[in-house]
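Structure first, then comments.
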Amino acid sequence: MPAETASMPTLLDRALGAYLGLAIGDALGATVEFMTPREIRLQHGVHRQIIGGGWLKLQAGEVTDDTTMSLALGDALLRGAREGRPHDTTLIAEAFVTWWRGKPVDCGNTCRRGILRYLHEHTLAGPLSDGDGGNGALMRNLPAALATLGDDEAFERVSLAQAHITHHNPKSDAAVLGLGHLLRDLLVGAGPAPAQARIGALIADWPVFRFQPYRGRASGYVVDTVQTVLHCFTQHDDFEAAVVAAVNQGDDADTTGALVGMLAGARCGAAALPSAWLHRLQPAVVRAVRTQAADLLGLSHQPAPARDD
Ligand code: MG
Ligand code: MG
C-alpha cells in the first residue's frame, strides 16, 4: 500500500478527530476564558497546557458546556433513532433540560433562557431575536453533522431545529450551517481548495463573517467567534498551532478553541492529535466521545464505520 494511502485518515478517524478536537479545545481554552490576550501573556506566556482552573475552577482535563451540550445533542439523536423518532426536536429539548438539571459547570445566558422557555411554554423555538446572536447553538452542532452525513437536507433541518431551541437569530443560523458544511467537507476528506471554496461561499453570502484582515475579537458574539475560528483554522495547518492561536486570543476561548479543534481535528484525524493533550482529557469524556462518534456515524448515509478502538 502506498504511504499516502496508509496514512490517510478514515471517516471514523476524522469524526473522532473532530469530536476529540472539540473537547481538547474546550478543556484548553476554559483556563483562559474571559481573559485578554495581554492577561494571558502575563500569566501563562503562551497558554498551551491543559491545566484546568480559570474562572470556572476546573480540574485539569475537565470540559465545559461546549462539549457536554454536544454530548446531550448526540444522546438525543441516538435515542430518537432507537425509539423510531429520528431527529425529533422534542427529544433534543428534553436532553438539554436533563443536561441543565445535571448542574453543568457552565450554562450561557441564552441557553438557559431557551431551556427555561421550553420548560414553561413547551415551545421548541423562541421568536426571532437580535439578542440570540451568541455562539451557543454553533458550539454544540457537531453531532448533527455526523448523524446526517450524506444528507444535506436533513443536516440543515436538524441543525436549525436544535439551534432554535435556544438561539433564533439569522447570523447564528448562518454560522451553524456554514461551519457545519465546512466540517462535513473535511470529514469526507476535502482538501484545502474545497475548504477554501466553502469558506468563500459563506463570506459571499454573509460578508459580516469576513476575517481578513483579522480584527482580533474573540467574544461569544457569533460573528466574532466565526471570524476567530476561520482565521486560526486557515492560518495554521497544524492542529496544535491552530488551537493554541485560538485560545490565546482569550475572551470566549473555550468555545473558539473547541470550534477550531473540531475543524482542525477533522482535517488531521484523531491519530494525529497531540497525545499529551488527549491523555489530559477526563477518561469518561474520551469514552463518551469515542462511543458517540461511531454511533452517530452509524446513523448517517455513509457506509457504517468499523470500530477500531
Ligand atoms: Mg464553555
Ligand atoms: Mg465559552
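Observations on the model:
- Sparse packing (at most 13 other Cβ atoms within 10 Å of the Cβ) combined with a DSSP loop state is found for the following chymotrypsin sites (Phe, Trp or Tyr not before Pro) in the range 9-96: TRP55.
- Other-chain or far-sequence residues with amide H under 5 Å of LEU149's (modelled H): HIS301
- Rg/Rh ratio calculated on Cα atoms of the chain (Kirkwood radius): 0.94
- Spacing of the two label points (7 Å from each Cα toward its C-beta) at ILE51 and GLN212, in nm: 3.5 nm
- Taken over the range 174-295, the convex hull of the Cα atoms encloses 109 Å³ per residue.
- Accessible area of the chain belonging to carbon and sulfur atoms, whole % at 1.4 Å probe: 54 percent
- Cα-centre dipole for the range 6-297 with unit charges at Cβ (Lys and Arg positive, Asp and Glu negative), debye to 20: 400 debye
- For the range 45-187, a Kirkwood radius taken over Cα pairs fed into Stokes-Einstein (20 °C, viscosity 1.002 mPa s) yields D = 137 µm²/s.
- On full extension, the segment bounded by GLU39 and ASP238 gains 69.1 nm, given 0.36 nm per residue less the C-alpha separation.
- Qualifying trypsin sites (Lys or Arg not before Pro) in the range 172-252, DSSP loop, other Cβ atoms within 10 Å at most 16: ARG210, ARG215, ARG217
- Based on protein heavy atoms only, the range 6-297 ends up with 39 Å² per residue of surface accessible to a 1.4 Å probe.
The values are calculated or read from the model by the stated rules, or taken from the named source; none is laboratory data. Not measured: the values here are computed from a predicted model. As a convention, Cβ positions derive from the backbone with ideal geometry for all residues, glycine included, and neighbour counts pool all protein chains shown. For the accessible areas, the whole protein counts, side chains as well, though only heavy atoms, and no ligand, DNA or RNA atoms are used. Shrake-Rupley method; radii C 1.70, N 1.55, O 1.52, S 1.80 Å.
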